[in-house]
Amino acid sequence: MPSLVVDLYISPEEYQRSYLGVRQVLAFARDGRRVQFPVHILQPYLTHDGIVGTFCIYVDQHNKFQRIERLADR
């Protein structure tokens, strides 16, 4: 299954914007590709510090989201 590895730091204030209409996260994968994905897939990883760590996003052959997992905390 294809995957993308991204390093993220999203502050709690930035994450709150998802409740105000911002629904997508724009990031760069470690291989340089620009990726956009729905902010709601990160909710299980939300803490008081926001969302921090290295994540692997798995997609299908049509680049549709399948699952996400945290690889490491920062």
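Derivation of every value follows stated rules applied to the coordinates shown; laboratory data play no part. The structure displayed is predicted, hence computed values, not measured ones. Using ideal geometry, Cβ is built from the backbone for each residue, glycine included, and neighbour counts are taken over all protein chains shown.
At 0.36 nm per residue, and after removing the present C-alpha to C-alpha distance, how many nm does the segment from ASP49 to TYR19 gain when stretched out fully?
Extending this stretch completely gives an extra 9.1 nm.
Sort largest first and round to whole Å: the equivalent ellipsoid semi-axes of region 22-64, each the square root of five times a Cα gyration tensor eigenvalue. Don't jump to the answer; show the numbers that get you there.
Details: eigenvalues 74, 31, 22 Å².
They are 19, 12, 10 Å, listed largest first.
Rounded to whole Hz and in sequence order, give me ³J(HN,Hα) for region 15-21 from the Karplus expression 6.51 cos²θ - 1.76 cosθ + 1.60, θ = phi - 60°, writing x for Gly and Pro.
Residue by residue, region 15-21 yields 5, 4, 4, 5, 7, 9, x Hz.
Starting at 0 and stepping by 5 Å, how many percent of the alpha carbon pairs of the chain end up in each bin?
Whole-percent P(r) values from 0 Å outward: 3, 16, 29, 28, 16, 7, 1.
Considering the dipole of the chain built from charges on the beta carbon (Lys and Arg +1, Asp and Glu -1) around the Cα centre, which of VAL6, HIS62, SER18 is farthest to its positive end?
Positive-most Cα among the choices belongs to HIS62.
With each run of n ≥ 4 DSSP H residues scored as -39500 (n - 2.57), what mean residue ellipticity at 222 nm is computed for the chain after dividing by its residue count and rounding to the nearest 500 deg cm²/dmol?
Calculated at 222 nm, the ellipticity per residue is -1500 deg cm²/dmol.
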